[in-house]
1. Step by step: first the residues of the stretch 59-104, then only those that are aliphatic (A, V, I, L, M) and closer than 13 Å to A124 by Cβ, then the one that is surrounded by the most Cβ atoms within 10 Å (Cβ to Cβ). Which residue is that?
2. Restricting to the stretch 33-50, what's the tally of residues that are of a type in the set (A, V, I, L, M) and either under 15 Å from S107 (Cβ atoms) or in a strand (DSSP E or B) (or both)?
3. Any residue in the stretch 51-63 that is at pLDDT 95 or above and assigned to a strand (DSSP E or B)?
4. Starting from residues that are closer than 30 Å to R123 by Cα and of a type outside the set (S, T, Y), keep the ones in the stretch 12-39 and report whichever is surrounded by the fewest Cβ atoms within 10 Å (Cβ to Cβ).
5. Going by what's in this entry, would Q78 be described as in contact with a strand residue (DSSP E or B) (Cβ under 8 Å, 6 or more places away or on another chain), modelled with pLDDT under 90 and not assigned by TED's automatic domain parsing to the domain that holds M1?
Amino acid sequence: MIHNDGATSAEVSGRGMGAWEYRVRACNAAGCGPYSGGVGVQVLLPPAASSTTSSVKMQTDRSPIKIACSVRWTPVAQADRYELTAYSNGQLYQNQYNGPNTSVATSINQMSSAYCAPAHVVRACNAAGCSPWSDPVTQRLEIIEGGVPVRGVSHEQE
């Protein structure tokens, strides 16, 4: 029993994810009537936080300079989309992706700086809302000589 007084409504909280059914019946000094038909409620909570697993910027060492960036993160149960945002000096500053994939990338031949940033954060979302932002992951720089990454350095936070 969730509610037992003369009110005609009740607030219910603390239910976990899943399908819940509620029924009511009226009572007075003479007794109680039959239960009503059930009313179903589907509870969906925001997903747990995701985490960025890698953020890489590849750059050629000779002119013409070509750049490509990629970011990957962990999938989360109940998430149907992810938001990826550039991060620097404790600030979110540029939304870079909003969709169902768990990675984004540009080809070195596209010469695109999309997904390039000092660091990234990601969060998992569904119809109930979004998780907290992940911890930031610094983007690693790989210099390419002759098409092979030869050394990696991290962007410095400004």
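1. L84
2. Total meeting the criteria: 3.
3. No, there is no match, as no residue in the stretch 51-63 is at pLDDT 95 or above and assigned to a strand (DSSP E or B).
4. Among them, the one singled out is G14.
5. Spelling it out, it is not the case that Q78 is in contact with a strand residue (DSSP E or B) (Cβ under 8 Å, 6 or more places away or on another chain), modelled with pLDDT under 90 and not assigned by TED's automatic domain parsing to the domain that holds M1.
The values are calculated or read from the model by the stated rules, or taken from the named source; none is laboratory data. The shown structure was predicted, so the numbers you read here are calculated from the model rather than taken from an experiment. In this analysis, Cβ positions are derived from the backbone assuming ideal geometry, glycine residues included, and neighbour counts consider all displayed protein chains.
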